[in-house]
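Heads up: the structure comes next, in structure tokens.
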Amino acid sequence: MGVALVTFHQANSSDGPRLGELLRQSDGASIEFETSDGRSHSATVFRLGTCFGRGLLVFPAESVHLTAGERFRLKYPQASR
């Protein structure tokens, strides 16, 4: 079983600070992401500390195929505030 690795950043620059904070708080966490077809997929998310504002998704390669530039939505568990 292989894994897929996807680096990503926010789609809208105004979301950058919020994404950065989510990545700092959830480095190594299990989350879900939703693809454009509305399907949810499990993944582990990591903060790429050397790439400002970038994250890394790790998920089973056979579960979904993303293409360069494809948008997806991260689905974080409700964070305590």
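Filter region 66-81 for residues that are under 11 Å from the mean Cα position of the chain (by Cα) and either among the polar types (S, T, N, Q) or part of a strand (DSSP E or B) (or both) and give the result.
Our first condition is that a residue be under 11 Å from the mean Cα position of the chain (by Cα); within region 66-81, this holds for 71-76.
Hits for region 66-81 are 73, 74, 75.
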| request: Would you please list the contacts, defined by Cβ atoms under 9 Å and residues six or more apart or on different chains, that run from a residue in region 54-66 that is farther than 20 Å from residue 28 by Cβ to a residue that is of a type in the set (Ser, Thr, Tyr) and modelled with pLDDT of 90 or more? | output: 64/35; 66/35
| query | Pick from region 27-49 the residues that are acidic (Asp, Glu) and part of a loop (DSSP other than H, G, I, E, B): which of them is surrounded by the fewest Cβ atoms within 10 Å (Cβ to Cβ)? | reply | 37
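Residue 5: in contact with a Ser or Thr (Cβ under 9 Å, 6 or more places away or on another chain) and assigned to a strand (DSSP E or B), yes or no? So that I can check it myself, show each step before the final result.
Values: in contact with a Ser or Thr (Cβ under 9 Å, 6 or more places away or on another chain): no; assigned to a strand (DSSP E or B): yes.
No, not satisfied.
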| Considering residues of region 50-65 that are in a loop (DSSP other than H, G, I, E, B) and more than 12 Å from the chain's Cα centre (by Cα) only, the residue nearest to residue 13 (Cα to Cα) | 52
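The values are calculated or read from the model by the stated rules, or taken from the named source; none is laboratory data. Everything numeric here is computed off the predicted structure, so don't read it as measured data. Backbone-built Cβ (ideal geometry, glycine too); neighbour counts: all protein chains shown.
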